[in-house]
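The structure appears right after this line, and notes come after that.
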Amino acid sequence: METAGAEDIPEDAERKGLGTPATRAGTIEKLVQKGFMERKGDKKTRYLVSTDKGNSLITVMPEQIQSASMTADWEQKLLRMEHGDYEARNFMREITDMISGLVQNYEAVKGAETLMSDHKRVGACPCCQADVLEKQKGWFCSNKECRFVLWRDNAFFKSIGKHLSSGMVEKLLSDGRIRLKDCKSQKSGKNYNATLLLSTEENGRANFHLEFENSRSGTKGGGAK
Ligand SMILES: [Zn+2]
């Protein structure tokens, strides 16, 4: 912060806690902990570099929030309030206006949730197009309103002698289908190849459908050669 647009920052800003040496250590530590920065160098010289995650965050963040001058501007207004020449409710209105503006432009920060989480993005939700993230129990749509999920412990895949993997999910999400070799028929114990089609219901629920090779298509469980 010390070098971040020094001319934008009022003299009193430092007194008010913007970029003081006292708060700097904590801020840097938080950035390192969250994986936005990393320490490099040897025992003699240590320096901080931003990570890919840090760079991406800056890219999706609205410019207004990135700027140190926003905080400086707030500090200045707080000071004026202290001196009685600025009204608290004006200040609050400005903040409200700014937040509503940012929420309206939410699209620009849409990717931020994915960045902030440690979960890998595997593709776009077939139901709502939001990011699908890999988690312990399966692959979940990041949109809280949407119920799309592919469970790791998946009854359908078990029934055809397969395990759902991250690579398969990626392909299913991008193509809506995958070719499966050596599926195992529960009835006859025979192996067969098939194409698996993924579809979703209106509420996001995932459905699977098999298309068999060398047979009438879609006859569930029947077309095994
Ligand atoms: Zn979704």
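The values are calculated or read from the model by the stated rules, or taken from the named source; none is laboratory data. Bear in mind the structure is a predicted one, so any value in this text is a computation, not a measurement. We place every Cβ from the backbone using ideal geometry, glycine too, and count neighbours over all the protein chains shown.
Only residues that are at pLDDT 90 or above and either assigned to a loop (DSSP other than H, G, I, E, B) or surrounded by 12 or more Cβ atoms within 10 Å (Cβ to Cβ) (or both): list them for the stretch 206-223, please.
Here is the first cut: in the stretch 206-223, the residues at pLDDT 90 or above are 206-211.
Once the filter is applied, which keeps residues that are at pLDDT 90 or above and either assigned to a loop (DSSP other than H, G, I, E, B) or surrounded by 12 or more Cβ atoms within 10 Å (Cβ to Cβ) (or both), the stretch 206-223 yields A206, F208, H209, L210, E211.
To keep it simple, each residue is scored yes or no on (1) within 16 Å of N207 (Cα to Cα); (2) in contact (Cβ under 8 Å) with a residue 24 or more places away in the chain.
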| position | (1), (2) |
| --- | --- |
| S142 | no, yes |
| G176 | yes, yes |
| K181 | no, no |
| S185 | no, yes |
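Per-residue answers, yes or no, for (1) within 16 Å of the ligand (Cβ to nearest atom); (2) in a strand (DSSP E or B); (3) not assigned by TED's automatic domain parsing to the domain that holds C146:
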position: K171; (1), (2), (3): no, no, no
position: D182; (1), (2), (3): no, yes, no
position: K187; (1), (2), (3): no, no, no
position: Y192; (1), (2), (3): no, yes, no
position: L196; (1), (2), (3): no, yes, no
position: S199; (1), (2), (3): yes, yes, no
position: N203; (1), (2), (3): yes, no, no
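Looking at the stretch 116-144, which of its residues are near the ligand (Cβ under 8 Å from one of its atoms), in a loop (DSSP other than H, G, I, E, B) and under 16 Å from the mean Cα position of the chain (by Cα)?
Start the filter on the stretch 116-144 by keeping residues that are near the ligand (Cβ under 8 Å from one of its atoms), which leaves 125-130, 132, 141-143.
If we keep only those that are in a loop (DSSP other than H, G, I, E, B) too, we end up with 125-130, 142-143.
Selection gives C125, C128, Q129, A130, S142, N143.
The number of residues in the stretch 170-198 that are touching a strand residue (DSSP E or B) at 6+ places or on another chain (Cβ under 7 Å) and on the phi > 0 side of the Ramachandran plot comes to 2. Scanning the stretch 145-169 for residues that are among the aromatic types (F, W, Y) and either within 16 Å of the ligand (Cβ to nearest atom) or crowded, with 17+ Cβ neighbours inside 10 Å (or both) returns F148, W151, F157.
Out of the residues in the stretch 150-169 that are polar (S, T, N, Q) and assigned to a helix (DSSP H, G or I), which is farthest from R121 (Cα to Cα)? If we take residues in the stretch 150-169 being polar (S, T, N, Q) and assigned to a helix (DSSP H, G or I), then S159 is farthest from R121 (Cα to Cα). The single condition among (1) over 19 Å from the mean Cα position of the chain (by Cα); (2) among the hydroxyl-bearing types (S, T, Y); (3) closer than 29 Å to K34 by Cβ that Y192 does not meet is (3).
Tell me, which helices (runs of 4 or more DSSP H) lie completely within the stretch 45-110 with 3 or more residues that are modelled with pLDDT of 85 or more? Lay out the reasoning, then the answer.
Details: elements: 52-60, 63-66, 68-82, 88-104.
Filter on the stretch 45-110 gives 52-60, 68-82, 88-104.
Please pick out the residue among L197, L164, L172, L180 that is touching a helix residue (DSSP H, G or I) at 6+ places or on another chain (Cβ under 6 Å) and within 26 Å of Q129 (Cβ to Cβ). The conditions single out L164.
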